[in-house]
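Trainee: I am attaching a structure below and will ask some questions about it afterwards.
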Protein chains: 2
Amino acid sequence: MYMHVNICLHPTSCASMAEIMSVLFFDTMRYSLKEPRHPASDRLVLSKGHSAPILYAAWAEAGLFPVSDLLNLRKIDSDLEGHPTPRLNFVDVATGSLGQGLSVAAGMAVIGKYFDKTDFRTYCLIGDGESAEGSIWEAMAFASHYKLDNLCAIFDINRLGQSEPTSLQHNLDIYEARAKAFGFETIVVDGHDVAALVEAFAKASATKGRPTAILAKTYKGKGFPDIEDKDNWHGKPLGDKADYVIKHLEGQLKNLSAAIQPFSSAAPEISLKVSLNEPPSYKLGDKVTTGSTPFTCDKSQIATRQAYGTSLVKLGNTNPRVLAFDGDTKNSTFSETYKKAFPDRYIECFIAEQNLVGVGIGAGCRGRAIPFVSTFAAFFSRAFDQLRMGAISQANIKCVGSHCGVSIGEDGPSQMALEDLAMFRTIPGCNVFYPSDAVSMERATELAAQRKGIDFIRTSRPATPVIYANDTVFEIGKSKVVRKSDNDKVLLIGAGITLHEALKAADQLADQGVNCRVLDPFTIKPIDAAGILENAKACNGKIVVVEDHYPEGGLGEAVAGAISNSTGITMKHLAVREIPRSGPPADLIEKYGIGSNSIISAVKSFA
Amino acid sequence: MYMHVNICLHPTSCASMAEIMSVLFFDTMRYSLKEPRHPASDRLVLSKGHSAPILYAAWAEAGLFPVSDLLNLRKIDSDLEGHPTPRLNFVDVATGSLGQGLSVAAGMAVIGKYFDKTDFRTYCLIGDGESAEGSIWEAMAFASHYKLDNLCAIFDINRLGQSEPTSLQHNLDIYEARAKAFGFETIVVDGHDVAALVEAFAKASATKGRPTAILAKTYKGKGFPDIEDKDNWHGKPLGDKADYVIKHLEGQLKNLSAAIQPFSSAAPEISLKVSLNEPPSYKLGDKVTTGSTPFTCDKSQIATRQAYGTSLVKLGNTNPRVLAFDGDTKNSTFSETYKKAFPDRYIECFIAEQNLVGVGIGAGCRGRAIPFVSTFAAFFSRAFDQLRMGAISQANIKCVGSHCGVSIGEDGPSQMALEDLAMFRTIPGCNVFYPSDAVSMERATELAAQRKGIDFIRTSRPATPVIYANDTVFEIGKSKVVRKSDNDKVLLIGAGITLHEALKAADQLADQGVNCRVLDPFTIKPIDAAGILENAKACNGKIVVVEDHYPEGGLGEAVAGAISNSTGITMKHLAVREIPRSGPPADLIEKYGIGSNSIISAVKSFA
């Protein structure tokens, strides 16, 4: 079977898996050319995304599009890009940053086994070089824990990395021992032996109670004279050797009978329509007591993280496909509230945040679920690359990060998210919600659930007063003015804990005859540039922004960007400007210059 | 031996390792109270940083500071914080984000075995919960590949995570199989049996050719009546049960003879003084040919990534402790140039960026090396959490990220760094260099090497003209005006590829009678706010910023922040505003609105 490996970049990385792809596409996988992403069909995740050309060649050979289209590889007007993306109708997730495929595949397999309860299988093709990525082993542990016998990982062990041989080269025994120890059924196979591969995939399909790893011994550039198993050919086109290699390969072509296998069962019909089954139900709080008890039963003083749990249950009441994933922090993030309400819809991912996000992305594929993924906001930094790739994957995933900023207190800087807004703001299309009370928190959860895409919601540890009436309507990209007079001197912008500090400062300043307007941005991305400009102009063009975050990339710079092309507006920016330390929340807030006293000083310095 | 576990938060996580810590501190480890971080003494990395209280208790018990100081735990004026940081003179690296300790320990062990060639040993205490982190397994693979027999990983397998039992609970067989498969000598031991632990550590010290994993079966809250091995006690103080527990523990105290072991050998004297052994040696280029060949032998057209390799060799000529680490991208980042010059000072870390950065941080500890760590800039996102913790660790590490932005071309968005500036800018104290030609690149490498701290240098894939004379002096936080007249209408700010686009635009605009000033910021953090303000004012307060990066958190927002408190200055911001695709570099630069034509339009729109 001729797989067109010659026309492309990365020909040697494609050649090592030519037989694997042939067997998958024309013997093992059950799929349809009419609907390559049909929810009941088998999935293939090409974790080694640089071998995209052979994926494209396989679909062309199967008949999805003309073989001649392959010549458009990497052209600016072709979706046959250097690495696969879901711009192509046969790709579920983008790959190309290595080691991410298996987590995503495991997320798909979780859906198949536990939610769709359909018999589709998920295949994931992994390079040996990328198997050095820890994310692969996070996914392996997860897949065996959840007994994902509908998942098959194929390791293409071609011995050579990009710049030198891999650490384990062709030591198949070690690969087998590792995969076994991580709970996989293992099959060692000659990756260039079609009959052996057919048998291996059949054995994998028949294995119950655990996932299977097919460990294929292969050769990079297999069948390319003078190139096979040689170093220094990674990624390179064959150049003037191409004709000779093609001629040689053509001489080896065999006509095997092959056909596309159809899938049999259907996937259940589901809807992603979702809303809170009842509105927020809190009491307006009266005064700010920052740094008080972290959570409470007082309906007027409540941590946004606690309201997250409440809101997720309300969403789950209207849609059974709202799924919660957490990394052993559920009693801190309050995803535990959801687990208690709907134990079957909670998936514990243990302490492995890369896999946590990857599984969430996989679960959201093909519109099968609304995945909410939670951990400490700081620990989402572990999965930045997964989130970056998630955007290219057109992923639908809702990230909820708790314990932001110095206001967490005594646990100290390792647990404080002070760069999470910067991180999530860079993700294309990601909304960044930063609710300041329980009412807006519930609506943030709902708004995130109702759209397809990546969303981040930043929640706070301490209890804060409820400031919005239960019937308040929130919109993405629309700020709220929460304090206002006819004679405001300065516009204060804060979010979360610092919105409450701004309100406290405004109270004290008002007592001193200086009225300030206070604005809650609600979403940091998109930022309400129009609302900010309008209110800044009403306040003599003076803004003080205060955030529980480092100065870079957060609320302050979002506002600075929003006003940068306007004249007559100036801004002072209060943020955490050094590595903080352990201490009581209220003390830290003042020490790092984001409390009411600092806000008052900033306002006065405008005079 | 009474370890003061009762006074703290996380008492149960401390109790499970009380005997381990006792044996380490009073039998196994060789160290000095006079200089707890002496370069020849054994190292201890407490990867499970939430058990900080027992680390503090052990040092107090050893006599480093009064036991009564332990009562200051987590107070705002005490360095005995919730998680350990190097503010304490006995801590090398901050921990508290889980799963990071073993990479750092492995970096220390590399220094001991291959560079210092001293007999210090490195111990790393790992929680069972955190062993789900893939970074642990990256470090395991690395440690066995490099035969780090001076490294001992102790797994405290106490069965219980934060919110529920761990995935493997007390299944020691699986832990052992995994550690064995990853190349470790393994010793399964009762973690509460002091004699068995003494023997295990002795066996570890005697093992040659591979690292050892001591797999200690322990109980969370060991010896606490009604609490031991019970769920729901993670992190919690004992409250009103404290007195009872303490009384019970006191009844079990035994007076074992114990003494601190001294270290015998000395560490070699080294210096971190470093400079380029010869100045840059290029020819000024004449015209911009963006998107031309990626690298070249033309001394006037050279990619900054290529100049990186050259400059690193020049540094290596003046200091043998300049070490290079890469993640199997050395032929792309040009760290290979260094490997060719100094093969013994290059450490291949394979495709595992979390471990790559962790090892670099470990290698830089105690002032033993100047670690340069390189990969594609996009893939540093994999190690964001390590970098975040690196700042708290006061780490000395130089990160060099290649292949930034859409200008890499056909490989597509998965390989393009478009958020790296935002990420590194958030790291406290991190300098962010973005050199625009080979001369400034060499000086960026030198400036980074000469200071202690985290630095990031962003390099570009395509060749670009040399614009600075070889004797140009560069400073951190000081921009350069590279085009200027007496009658400049707009200030153009670009960096890397976009500086050359700005120059091209300025040429064309000058032909049309519109003079523009062009500024090269050199460092994006710190940004030269004074230089930008001064030059903006000289250009009628009009700025166009153009960057090969997403709009958030990069050069544009750095400039927006710098001008935000000034009046009369407005800014237009050109950046990559959607997920890009594969294509030729020059086409992508124009398509995504960061090329000379877009700059010309932005300038004209100011009219």
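The values are calculated or read from the model by the stated rules, or taken from the named source; none is laboratory data. In this text the structure is predicted, and so the values were computed from the model without any measurement. Every residue, glycine among them, receives a Cβ derived from its backbone with ideal geometry; neighbour counts consider all protein chains shown. Side chains are part of the model used for accessible areas, which takes the heavy atoms of the whole protein and leaves out ligands, DNA and RNA. Shrake-Rupley method; radii C 1.70, N 1.55, O 1.52, S 1.80 Å.
Trainee: How many residues are open to solvent by less than 10 Å² (accessible area, probe 1.4 Å) and within 11 Å of chain B (Cβ to nearest Cβ) if we restrict to the range A:330-352?
Mentor: Residues meeting the conditions: 6.
Trainee: Residue check, B:Gly568 against (1) open to solvent by 40 Å² or more (accessible area, probe 1.4 Å); (2) in a helix (DSSP H, G or I); (3) within 12 Å of chain A (Cβ to nearest Cβ), all met but one. Which one?
Mentor: (2)
Trainee: Here are the criteria: (1) hydrophobic (A, V, I, L, M, F, W, C); (2) modelled with pLDDT of 95 or more; (3) open to solvent by 20 Å² or more (accessible area, probe 1.4 Å). Tell me which single one A:Ala536 does not satisfy.
Mentor: (3)
Trainee: Exactly one of (1) farther than 24 Å from B:Asp528 by Cβ; (2) without any contact (Cβ under 8 Å) to a residue 60 or more places away in the chain; (3) not hydrophobic (A, V, I, L, M, F, W, C) is unmet by B:Gly429. Its number?
Mentor: The one condition B:Gly429 does not meet is (1).
Trainee: While we're here: In this structure, does B:Ala417 turn out to be more than 8 Å from chain A (Cβ to nearest Cβ), touching a residue at least 40 places away in the same chain (Cβ under 8 Å) and open to solvent by less than 10 Å² (accessible area, probe 1.4 Å)? Talk me through it step by step, then tell me what you get.
Mentor: Details: more than 8 Å from chain A (Cβ to nearest Cβ): yes; touching a residue at least 40 places away in the same chain (Cβ under 8 Å): yes; open to solvent by less than 10 Å² (accessible area, probe 1.4 Å): yes.
Yes: the conditions hold for B:Ala417.
Trainee: Only one of A:Asp471, A:Asp486 is part of a loop (DSSP other than H, G, I, E, B), over 25 Å from the mean Cα position of the chain (by Cα), assigned by the TED database to the domain that holds A:Leu503 and not β-branched (Val, Ile, Thr). Can you tell me which?
Mentor: Of A:Asp471, A:Asp486, the one residue that is part of a loop (DSSP other than H, G, I, E, B), over 25 Å from the mean Cα position of the chain (by Cα), assigned by the TED database to the domain that holds A:Leu503 and not β-branched (Val, Ile, Thr) is A:Asp486.
Trainee: Any residue at all in the range A:395-410 that is surrounded by 24 or more Cβ atoms within 10 Å (Cβ to Cβ), within 12 Å of another protein chain (Cβ to nearest Cβ) and among the hydroxyl-bearing types (Ser, Thr, Tyr)?
Mentor: Within the range A:395-410 (the criterion being surrounded by 24 or more Cβ atoms within 10 Å (Cβ to Cβ), within 12 Å of another protein chain (Cβ to nearest Cβ) and among the hydroxyl-bearing types (Ser, Thr, Tyr)), the answer is no, since none of the residues qualifies.
Trainee: Can you name every residue in the range B:573-584 that is within 11 Å of chain A (Cβ to nearest Cβ) and either in contact with a strand residue (DSSP E or B) (Cβ under 9 Å, 6 or more places away or on another chain) or of a type outside the set (D, E, K, R) (or both)?
Mentor: Looking only at the range B:573-584, we keep the residues that are within 11 Å of chain A (Cβ to nearest Cβ), and these are B:573, B:575-584.
Result: B:His573, B:Ala575, B:Val576, B:Ile579, B:Pro580, B:Ser582, B:Gly583, B:Pro584.
Trainee: Further, regarding this structure: Just wondering, is there one or more residues in the range A:585-598 that are open to solvent by less than 40 Å² (accessible area, probe 1.4 Å), at the interface with chain B (Cβ under 9 Å from one of its Cβ atoms) and over 15 Å from B:Thr426 (Cβ atoms)?
Mentor: Going residue by residue through the range A:585-598, those that are open to solvent by less than 40 Å² (accessible area, probe 1.4 Å) are A:585, A:588-589, A:592-596, A:598.
Restricting the remaining residues to those that are at the interface with chain B (Cβ under 9 Å from one of its Cβ atoms) gives A:588.
Okay, now just the ones that are also over 15 Å from B:Thr426 (Cβ atoms), so A:588.
Checking the range A:585-598: at least one residue is open to solvent by less than 40 Å² (accessible area, probe 1.4 Å), at the interface with chain B (Cβ under 9 Å from one of its Cβ atoms) and over 15 Å from B:Thr426 (Cβ atoms).
Trainee: When you go through (1) more than 7 Å from chain A (Cβ to nearest Cβ); (2) surrounded by fewer than 19 Cβ atoms within 10 Å (Cβ to Cβ); (3) in contact (Cβ under 8 Å) with a residue 24 or more places away in the chain one by one for B:Ser601, which number turns out not to apply?
Mentor: (3)
Trainee: Taking interchain pairs and intrachain pairs at least six residues apart, which have beta carbon atoms under 8 angstrom, with the first residue in the range B:257-270 and under 18 Å from B:Leu33 (Cβ atoms) and the second open to solvent by 60 Å² or more (accessible area, probe 1.4 Å) and not in a loop (DSSP other than H, G, I, E, B)?
Mentor: Partner pairs satisfying both residue conditions: B:Ala258/B:Asp27; B:Gln261/B:Asp27.
Trainee: Please go through the range B:306-319 and give me each residue that is open to solvent by 10 Å² or more (accessible area, probe 1.4 Å) and either more than 20 Å from B:Ile111 (Cα to Cα) or in contact with a helix residue (DSSP H, G or I) (Cβ under 7 Å, 6 or more places away or on another chain) (or both), ordered by number.
Mentor: Result: B:Gln306, B:Thr310, B:Val313, B:Lys314.
Trainee: Sticking with this structure for a sec: Select from the range A:237-249 the residues that are open to solvent by less than 90 Å² (accessible area, probe 1.4 Å) and touching a residue at least 12 places away in the same chain (Cβ under 8 Å) and list them in ascending order.
Mentor: Initial filter on the range A:237-249 (open to solvent by less than 90 Å² (accessible area, probe 1.4 Å)): A:237-239, A:241-242, A:245-246, A:248-249.
Selection gives A:Pro237, A:Leu238, A:Lys241, A:Ala242, A:Val245, A:Ile246, A:His248, A:Leu249.
Trainee: Separate question: How many residues are among the polar types (S, T, N, Q) and at positive phi if we restrict to the range A:218-237? Steps first, answer last, please.
Mentor: Quick first cut of the range A:218-237, residues among the polar types (S, T, N, Q) only: A:218, A:232.
In the following step, the residues that additionally are at positive phi were identified as A:232.
Result for the range A:218-237: 1.
Trainee: Do the conditions hold for B:Arg517, that is, is it open to solvent by 10 Å² or more (accessible area, probe 1.4 Å), closer than 18 Å to B:Glu419 by Cβ and either in a loop (DSSP other than H, G, I, E, B) or not assigned by the TED database to the domain that holds B:Met423 (or both)? Quick ask: steps written out before the conclusion?
Mentor: On the way: open to solvent by 10 Å² or more (accessible area, probe 1.4 Å): yes; closer than 18 Å to B:Glu419 by Cβ: no; either in a loop (DSSP other than H, G, I, E, B) or not assigned by the TED database to the domain that holds B:Met423 (or both): yes.
Judged against the criteria, B:Arg517 is not a match.
Trainee: With the checklist (1) modelled with pLDDT under 95; (2) open to solvent by 90 Å² or more (accessible area, probe 1.4 Å); (3) not hydroxyl-bearing (Ser, Thr, Tyr) in hand, flag the one item A:Ala259 doesn't pass.
Mentor: Unmet for A:Ala259, out of (1) modelled with pLDDT under 95; (2) open to solvent by 90 Å² or more (accessible area, probe 1.4 Å); (3) not hydroxyl-bearing (Ser, Thr, Tyr): (2).
Trainee: So, restricting to helices (runs of 4 or more DSSP H) that lie completely within the range A:1-99, which ones have at least 1 residues that are of a type outside the set (Asp, Glu) and within 12 Å of chain B (Cβ to nearest Cβ)? Don't jump to the end; show me each part of the working.
Mentor: Details: elements: A:11-15, A:18-23, A:52-62.
Those helices (runs of 4 or more DSSP H) span A:52-62.
Trainee: Next question. Quick one: which residue in A:Arg461, A:Arg443 is among the basic types (Lys, Arg), buried (at least 20 other Cβ atoms within 10 Å of the Cβ), within 14 Å of chain B (Cβ to nearest Cβ) and under 24 Å from the mean Cα position of the chain (by Cα)? Break it down into steps so the answer makes sense when it comes.
Mentor: Numbers: A:Arg443 fails: within 14 Å of chain B (Cβ to nearest Cβ).
The conditions single out A:Arg461.
Trainee: I've got another one for you. Which of the residues that make up the range A:552-565 are part of a loop (DSSP other than H, G, I, E, B) and at the interface with another protein chain (Cβ under 7 Å from one of its Cβ atoms)? Talk me through it step by step, then tell me what you get.
Mentor: Taking the range A:552-565 first, the residues part of a loop (DSSP other than H, G, I, E, B) are A:552-554, A:564-565.
Correct list: A:Glu552, A:Gly553, A:Ser564, A:Asn565.
Trainee: Please enumerate the residues belonging to the range A:571-584 that are open to solvent by 10 Å² or more (accessible area, probe 1.4 Å) and in a loop (DSSP other than H, G, I, E, B).
Mentor: Of the residues in the range A:571-584, the ones open to solvent by 10 Å² or more (accessible area, probe 1.4 Å) are A:572-574, A:577-579, A:581, A:584.
Matches in the range A:571-584: A:Arg577, A:Glu578, A:Ile579, A:Arg581, A:Pro584.
Trainee: Taking A:Leu492, is it surrounded by 21 or more Cβ atoms within 10 Å (Cβ to Cβ) and not in a helix (DSSP H, G or I)?
Mentor: Details: surrounded by 21 or more Cβ atoms within 10 Å (Cβ to Cβ): yes; not in a helix (DSSP H, G or I): yes.
Taking the combined requirement at face value, the residue satisfies it.
Trainee: Quick one: how many residues across the range A:113-135 are more than 11 Å from chain B (Cβ to nearest Cβ) and in contact (Cβ under 8 Å) with a residue 40 or more places away in the chain? I'd like the intermediate steps shown before the answer.
Mentor: Taking the range A:113-135 first, the residues more than 11 Å from chain B (Cβ to nearest Cβ) are A:113-126.
Narrowing further to those that are in contact (Cβ under 8 Å) with a residue 40 or more places away in the chain: A:114-126.
Number of matching residues: 13.
Trainee: Can you confirm whether the range B:507-522 contains a residue that is of a type outside the set (Lys, Arg), at pLDDT below 95 and at positive phi? Please lay out each step first, then the result.
Mentor: Taking the range B:507-522 and keeping what is of a type outside the set (Lys, Arg), we get B:507-516, B:518-522.
Those still in the list that are at pLDDT below 95 too: none.
No.
Trainee: Counting only residues that are crowded, with 22+ Cβ neighbours inside 10 Å and part of a loop (DSSP other than H, G, I, E, B), which one in the range A:540-550 is nearest to the other protein chains (Cβ to nearest Cβ)?
Mentor: Per the stated criteria, the residue is A:Tyr550.
Trainee: Kindly list the number of the only condition in (1) buried (at least 24 other Cβ atoms within 10 Å of the Cβ); (2) of a type in the set (Gly, Ala, Ser); (3) within 31 Å of the chain's Cα centre (by Cα) that fails for A:Ala529.
Mentor: (1)
Trainee: Right, here's the next one. Pick from the range B:362-382 the residues that are open to solvent by 10 Å² or more (accessible area, probe 1.4 Å) and either of a type outside the set (Gly, Ala, Ser) or assigned to a loop (DSSP other than H, G, I, E, B) (or both): which of them is nearest to the other protein chains (Cβ to nearest Cβ)?
Mentor: B:Phe379
Trainee: Does the range B:377-395 hold any residues that are hydrophobic (A, V, I, L, M, F, W, C) and touching an Asp or Glu at 6+ places or on another chain (Cβ under 9 Å), and which are they?
Mentor: Selection gives B:Ala377, B:Ala378, B:Phe379, B:Phe380, B:Ala383, B:Phe384.
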